[in-house]
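Read the structure below first, then the notes.
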Amino acid sequence: MCAAAADVCCRGELTRLSYRDHAGKDTVRNVAPYRLVHTGRRWYFVAQDIAREQWRTFRADRVVQVQPTGRTVELVDPPDPALLVSRSIAGVVYPLYVTVRLAHSMDQALRLVPPTIGTHRPDGPDTTIVEIGGNEADQLVTYLLGLGTGLRVLSPDAVREALLRRTRNLFEDNSDSQARW
């Protein structure tokens, strides 16, 4: 779908967009396409929703169909597409958030956890507090372990306990030459 979205962006053509949201609900919208933005993890389609008269971001992997209408549209005062995507990603509401302290400066922490993934605040010159959202504790633990750096889970206890459980299991699985499985 990225190629079709890129094509309507280049042509500036009013588009009928079929989209499946994060909950699996399908919608059809008329949009004025603007840009495709890559975040390093995903592509996002930036367009103006005609009915709502608002700029929107759509995950490209959730676009079901792009139907050009043949009518060109003129965009008036379009936003910075990368900034719009960054804000929309950061604004997603998750059922669970973890707050961690990283032993890194704010610049280093932003390289580890991009602002599209978490919110950051300095905690002195060499540490940063980061809040990251997710759907469940084990998912957040997987992400945290993937950072490959020391960290302290400040809250919630459910994520701290899941992290301890996972690291204990890894330790036990690798503590002797005889694998448990």
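The values are calculated or read from the model by the stated rules, or taken from the named source; none is laboratory data. Only a predicted model underlies this, so the values are computations on that prediction, with no experimental measurement involved. FYI the Cβ positions are ideal-geometry reconstructions off the backbone, even for glycines, and counts take in every protein chain you see. All accessible areas refer to the heavy atoms of the entire protein, side chains included, with ligands and DNA or RNA removed. Shrake-Rupley method; radii C 1.70, N 1.55, O 1.52, S 1.80 Å.
Of the set (1) modelled with pLDDT of 95 or more; (2) touching a Leu at 6+ places or on another chain (Cβ under 8 Å); (3) loosely packed, with under 15 Cβ neighbours inside 10 Å; (4) among the hydroxyl-bearing types (Ser, Thr, Tyr), all apply to Thr142 but (2). Looking only at residues in region 60-99 that are of a type in the set (A, V, I, L, M, F, W, C) and free of Cβ contacts under 8 Å to residues at least 24 places away in the same chain, the one that is least open to solvent (accessible area, probe 1.4 Å) is Leu83. Taken as a whole, region 146-153 holds at least one residue that is touching a Ser or Thr at 6+ places or on another chain (Cβ under 8 Å) and farther than 30 Å from Tyr34 by Cβ. Select from region 100-114 the residues that are without any contact (Cβ under 8 Å) to a residue 40 or more places away in the chain and either in contact with a Pro (Cβ under 8 Å, 6 or more places away or on another chain) or open to solvent by 70 Å² or more (accessible area, probe 1.4 Å) (or both) and list them in ascending order. Those that are without any contact (Cβ under 8 Å) to a residue 40 or more places away in the chain and either in contact with a Pro (Cβ under 8 Å, 6 or more places away or on another chain) or open to solvent by 70 Å² or more (accessible area, probe 1.4 Å) (or both): Ser105, Met106, Asp107, Gln108, Arg111. Among the residues of region 20-36 satisfying the criterion of being over 21 Å from Leu84 (Cβ atoms) and within 21 Å of the chain's Cα centre (by Cα), which is most open to solvent (accessible area, probe 1.4 Å)? Out of the qualifying residues, it is Lys25. Screening Asp49 on (1) closer than 21 Å to Gly24 by Cα; (2) surrounded by fewer than 15 Cβ atoms within 10 Å (Cβ to Cβ); (3) over 15 Å from the mean Cα position of the chain (by Cα) shows it passes everything except condition (2). Leu17 meets all of the listed conditions (1) open to solvent by less than 50 Å² (accessible area, probe 1.4 Å); (2) under 26 Å from Pro115 (Cα atoms); (3) not acidic (Asp, Glu) but one, namely (2). Among the residues of region 100-125, just one is of a type outside the set (Gly, Ala, Ser), closer than 25 Å to Ala23 by Cα and in a strand (DSSP E or B), namely Thr119. Looking across region 1-57 at every residue that is within 27 Å of Leu110 (Cβ to Cβ) and of a type in the set (Ser, Thr, Tyr), the one that is modelled with the lowest pLDDT is identified as Thr39. No other residue among Val153, Val159, Val130 is out of contact with any Cys (no Cβ under 6 Å at 6 or more places or on another chain), among the β-branched types (Val, Ile, Thr) and part of a helix (DSSP H, G or I) apart from Val159.
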